[in-house]
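Structure first, then comments.
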Amino acid sequence: MRTSSSRRGRRTAIAAVAVVATGTALLTGCGSDGDSGGKSGAAGSEKITLRIGTFGSFGYDDATGAKLYAEYEKAHPNIKIEESNVADGQKYWDTLKLRLSRDSGLADIQALEVGYIAEATGPAMADKWADLGKTGGADLGAFLDWKVKQATTGDGKVIGLGTDIGPMAICYNKDLFAAAKLPTDRAEVAKLWAGDWARFIQTGETYKKSAPEGTSFHDSASGLFNAVISSEPVQYANTKGELDYENSPGVKKAWDTAVAAANGELTAKLRQFDEKGTWNAAFKNSKFATVACPSWMTGIIKDQAGPENQGKWDIAAPPVAGNWGGSFLAVPKSGKHAKEAAELAAWLTAPAQHAKVFGVNGNIPSSKDTLSSPTVQDAKLPYFGDTPVGRIYSQAAAGIAPAPISRWDGQVKTFLTDNGILDIEQRGTDPAKAWENVKKLVDDKIDQ
């Protein structure tokens, strides 16, 4: 997912289907139930509840997802699964860090967005997690090698199992493109901006000339920033994994592109994943023509644009390939049911379940065989009609070369987007002033 996410962005990461909560209820509301102690599996006798804290659209749930919880509960009748899902990935992470420091109030399984994985595996947190390379039965060899590496601590513990990755595309509203006298065929659309994010901005200027009243070319300058940075080989960290955003060519390109979109009034000035639901409502009301579209975004479009807009959205290749988001499932070591939670995390992230989630939600799996399987390669999502979703995203995934990450990436990204670009976009703040505000926040809040 995810990012929030993601992201996913996830997701980091952050989703339309989120149950929005505030304050200390952000993760689970409480820790594991105290009515148990029994073993998991059909042979277990005592009932236990496993709680999962997530953000974004992981696609496991029994309402709009792949119904994996119901499947697992059927095979393990002594286990009940409860998911607590929230919209704001940064608040989720801040609350999770606080609860980890107290070893209190944690879910049995906690989702982690890739932007925070370096902090989660760092010295201050590494010992808080179960080693999922040794418990739960996960086949680490099934995952993309770089995905496992991201979740590995300095002393070799694997604290997270990969859920999805976030290969990039651009999703676009065909009706709005047609009304603005732009092509609607996905191959022709991709040619509009192929190879250069500056051409994406130029396409926005063309859209603006004939735009249907009340619509914008793109949803969010912050979302565009995340898309551009995801396609850059150097992002927030240098090759040593040290935070170096001020000297990053990737950050500069993403910032300049997002500022150009904001100053050119090419966006709907929306904050992605906002808790008020304004961004979600804009999908339903067709207020923007494009959205940067990592694979996990397809599930959000489906849920928020709704059945009345089915078939109106299509997917085109992005200007430059990239990876935005992707998440992990981790198990806090202090949980009462850490063994059972590790087994559930391993099952939810196994290749078979990856395939089921993709088939319903479009989340691109982080397991090698699933990614290359006909299940993914030949897949289409009903909401997007005949669009070869699997082929588009699997081809994009093949071009992913993960950038170095630092423990501060997720927080710096939030400062750059929510406290920098959003101020330019919504409040007209001068870009130079907005950049200085971001630098001050980083200096005040991050102790390197």
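The values are calculated or read from the model by the stated rules, or taken from the named source; none is laboratory data. All values reported here derive from a predicted model rather than from experimental measurement. Please note: Cβ atoms are built from the backbone with ideal geometry, for glycine as well, and neighbour counts cover all protein chains shown. Protein only, heavy atoms only, side chains kept; ligands, DNA and RNA dropped before computing areas. Shrake-Rupley method; radii C 1.70, N 1.55, O 1.52, S 1.80 Å.
Key figures
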quantity	calculated
Where Ala403 falls short, out of the listed (1) in contact with an Asp or Glu (Cβ under 8 Å, 6 or more places away or on another chain); (2) closer than 26 Å to Ala317 by Cβ; (3) open to solvent by 10 Å² or more (accessible area, probe 1.4 Å); (4) part of a helix (DSSP H, G or I)	(4)
Residue in region 414-436 that is under 15 Å from Glu246 (Cβ atoms), touching a Lys or Arg at 6+ places or on another chain (Cβ under 8 Å) and in a helix (DSSP H, G or I) present	yes
Selected residue (criterion: nearest to the chain's Cα centre (by Cα)) from residues of region 355-366 that are at pLDDT 90 or above and surrounded by 23 or more Cβ atoms within 10 Å (Cβ to Cβ)	Ile364
In region 109-125, the residues that are more than 11 Å from Trp93 (Cα to Cα) and part of a strand (DSSP E or B)	Ile109
Any chance Gln110 is buried (at least 24 other Cβ atoms within 10 Å of the Cβ) and within 17 Å of the chain's Cα centre (by Cα)	yes
First in region 350-363 and over 18 Å from Tyr72 (Cα atoms), second anywhere and in a helix (DSSP H, G or I), Cβ under 6 Å, 6 or more apart	Asn361/Gly299; Gly362/Thr298; Gly362/Gly299; Asn363/Val357
Complete set of residues in region 334-350 that are part of a helix (DSSP H, G or I) and either closer than 15 Å to Asp131 by Cβ or in contact with a Cys (Cβ under 8 Å, 6 or more places away or on another chain) (or both)	Ala338, Lys339, Ala341, Ala342, Glu343, Ala345, Ala346
Which listed residue, of Lys157, Lys149, Lys181, is exposed (fewer than 15 other Cβ atoms within 10 Å of the Cβ), within 30 Å of Lys128 (Cβ to Cβ) and of a type in the set (Lys, Arg)	Lys149
Residue pairs meeting the criteria (Cβ under 8 Å; at least 6 apart or on separate chains; first more than 14 Å from Thr290 (Cα to Cα), in region 172-201; second surrounded by fewer than 15 Cβ atoms within 10 Å (Cβ to Cβ))	Lys181/Ser210
Enumerated helices (runs of 4 or more DSSP H) restricted to region 132-224, each holding at least 3 residues that are among the basic types (Lys, Arg)	197-209
Evaluation of Ile165 against (1) open to solvent by 10 Å² or more (accessible area, probe 1.4 Å); (2) modelled with pLDDT under 95 (one fails), failing number	(1)
Candidate set: region 296-341, residues that are among the charged types (D, E, K, R) and within 26 Å of Ile201 (Cβ to Cβ); chosen: the one surrounded by the fewest Cβ atoms within 10 Å (Cβ to Cβ)	Lys312
Residue count, region 261-295 (criterion: more than 15 Å from the chain's Cα centre (by Cα), surrounded by 20 or more Cβ atoms within 10 Å (Cβ to Cβ) and not in a loop (DSSP other than H, G, I, E, B))	10
Test: residue in region 377-388 that is open to solvent by 10 Å² or more (accessible area, probe 1.4 Å), over 28 Å from Trp313 (Cβ atoms) and over 21 Å from the mean Cα position of the chain (by Cα)	no
